[in-house]
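The values are calculated or read from the model by the stated rules, or taken from the named source; none is laboratory data. Keep in mind the model is a prediction, meaning the values are calculated, not measured. Glycine also receives a Cβ, built like all others from the backbone with ideal geometry; neighbour counts cover every protein chain displayed.
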């Protein structure tokens, strides 16, 4: 179990803004080397239109945390080498979208997003928003699928109290909790009113 705070994150520039790397595996791997197994990050999209970095060896999951974004994917046909454009996908906060990192992807709209990158053929993953519902009494529930290898809970806003095998942990905005295997399956959590978390779960293939 590891609590991650702002000082633990790595910040870098990309063509459309700044990227905050929250976690990467193997630990110490460099994003620029393209040898990582998985990576979790949050990026600011500061231009009205921008092109995503090509990542042909990775599957990607993305969601806006603030603002909205429209994505267009351009896929190359292996036989004709012609590019075809998919229908634009409009994403509002906490809408989850999966796509192939090999696609040429264009983004429209300024926002802050949350990304999960997964090495093809090595692992798979999910993104799950955990949002406080003021109409409900008691804690929100979240349980990853059995067999989870790693689970990262990121606090988007507000705060949350979590219990992992008897240990009490509190997260506030921009903090994250990284759990491994059995720890992840033992997670219990409660959100304060108006809070929002997002869970990134990684599974081996």
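Looking at this structure, is residue 98 under 19 Å from residue 41 (Cα atoms) and surrounded by fewer than 17 Cβ atoms within 10 Å (Cβ to Cβ)?
So residue 98 passes the test.
Pick from the range 187-205 the residues that are touching a strand residue (DSSP E or B) at 6+ places or on another chain (Cβ under 8 Å) and not in a strand (DSSP E or B): which of them is farthest from residue 148 (Cα to Cα)?
194
For the range 167-180, check the following and say yes or no: at least one residue is surrounded by fewer than 17 Cβ atoms within 10 Å (Cβ to Cβ) and at pLDDT below 90.
yes
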